[in-house]
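Asker: First the structure, which I've put down as structure tokens, then a few questions once you've had a look.
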Amino acid sequence: MASARLHAIQKPQAVELYAEAPLPTKHGVLRAIVFRERATGKEHMVAVKGDLHGAEGVPVRVHSECLTGEILGSLKCDCRQQLEHALDLVGSSERGAVIYLRQEGRGIGLGNKIRAYALQAAGADTYEANRQLGFGDDLRRYDVAAAILEQLGVKSIDLITNNPLKIAGLQEEGIAVRRRIPSLAQSNPHNIGYLRTKRERTGHLIELDKSTA
Ligand SMILES: [Zn+2]
């Protein structure tokens with residue numbers, strides 16, 4: 001106990017567990033947990049299955065919100081399919097978690113994401129559009145996800161992702177990533193360019209259909 005208290009003094013936790021309740025879903029009964037960032041009050045949602053405390057190799061998806069894909073059914077990205085796939089996987093496992101981070105558009109915000117879409121409609125690819133708006137390729141942060149995993153008491157995770165940068169980002173924040181579980185990527189005529197760009201520009205490990213790869 002003494003060492004735990006010392007740890008808390010040395011490193012104030014970036015998030016606090018604010019609310020928790022059972023949530024029946026089509027993926028089974030999950031625990032809906034809201035964490036708040038202490039510095040900003042910003043809230044993030046975590047869907048948890050089973051007891052994670054002290055667990056090794058917990059299937060975890062760290063997912064950044066995508067209003068256009070997840071709410072409007074946009075075909076410009078694969079966020080909704082990846083989220084559904086992760087919830088299915090976690091729901092059918094003994095334990096797991098989907099950490100839903102409120103960082104829209106790779107961290108640039110909703111309005112700037114739609115501005116980037118306007119540039120894409122004029123011919124830019126997803127990374128060129130962000131650069132034209134003055135943003136880097138990817139402003140997503142993983143410190144919040146790492147702080148949440150620490151609070152959940154997870155010892156190591158099996159990360160559901162195709163993105164090597166996400167694995168590296170979490171490892172830099174001190175999270176033990178035991179292995180990668182491939183995330184689902186389904187191509188359609190609207191997102192094939194986006195998926196190819198992700199694979200070519202940032203080394204996403206995406207297996208596309210032979211017909212579209
Ligand atoms: Zn999306």
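The values are calculated or read from the model by the stated rules, or taken from the named source; none is laboratory data. All figures in this text were calculated on a predicted structure; none of them were measured in a lab. Note that each Cβ is placed from the backbone with ideal geometry, even for glycine, and that neighbours are counted across all protein chains shown. Heads up: the accessible areas ignore ligands, DNA and RNA and are worked out on the full protein's heavy atoms, side chains in. Shrake-Rupley method; radii C 1.70, N 1.55, O 1.52, S 1.80 Å.
Asker: Could you check segment 110-152 for helices (runs of 4 or more DSSP H) lying wholly inside it with 2 or more residues that are small (Gly, Ala, Ser), at negative phi and in the same structural domain as residue 170 (by TED's automatic domain parsing)?
Answerer: Filter on segment 110-152 gives 143-152.
Asker: Give the residues of segment 160-192 that are more than 24 Å from residue 54 (Cβ to Cβ), under 13 Å from the mean Cα position of the chain (by Cα) and of a type in the set (Ser, Thr, Tyr), sorted by residue number.
Answerer: 183
Asker: Give the residues of segment 53-83 that are more than 9 Å from the ligand (Cβ to nearest atom) and touching a residue at least 60 places away in the same chain (Cβ under 8 Å), sorted by residue number.
Answerer: Across segment 53-83, the qualifying residues are 53, 54, 55, 56, 57, 58, 59, 60, 61, 62, 75, 81.
Asker: Right, here's the next one. Is there a residue being closer than 18 Å to residue 100 by Cβ and open to solvent by less than 30 Å² (accessible area, probe 1.4 Å) anywhere in segment 181-190?
Answerer: Yes, that holds for at least one residue.
Asker: Against the conditions (1) at pLDDT below 90; (2) more than 16 Å from residue 197 (Cβ to Cβ); (3) more than 11 Å from the ligand (Cβ to nearest atom), where does residue 104 fall short? Just the number, please.
Answerer: Residue 104 satisfies all of (1) at pLDDT below 90; (2) more than 16 Å from residue 197 (Cβ to Cβ); (3) more than 11 Å from the ligand (Cβ to nearest atom) except (3).
Asker: Related question: Could you tell me whether segment 153-163 includes any residue that is open to solvent by less than 20 Å² (accessible area, probe 1.4 Å), at pLDDT 85 or above, assigned by TED's automatic domain parsing to the domain that holds residue 57 and at positive phi? Show your work before the answer.
Answerer: Here is the first cut: in segment 153-163, the ones open to solvent by less than 20 Å² (accessible area, probe 1.4 Å) are 153, 156-163.
Retained after the next criterion (residues that are at pLDDT 85 or above): 153, 156-163.
Now narrow it down to the ones that are assigned by TED's automatic domain parsing to the domain that holds residue 57: 153, 156-163.
Restricting the remaining residues to those that are at positive phi gives 153.
Taking every residue of segment 153-163 in turn, at least one turns out to be open to solvent by less than 20 Å² (accessible area, probe 1.4 Å), at pLDDT 85 or above, assigned by TED's automatic domain parsing to the domain that holds residue 57 and at positive phi.
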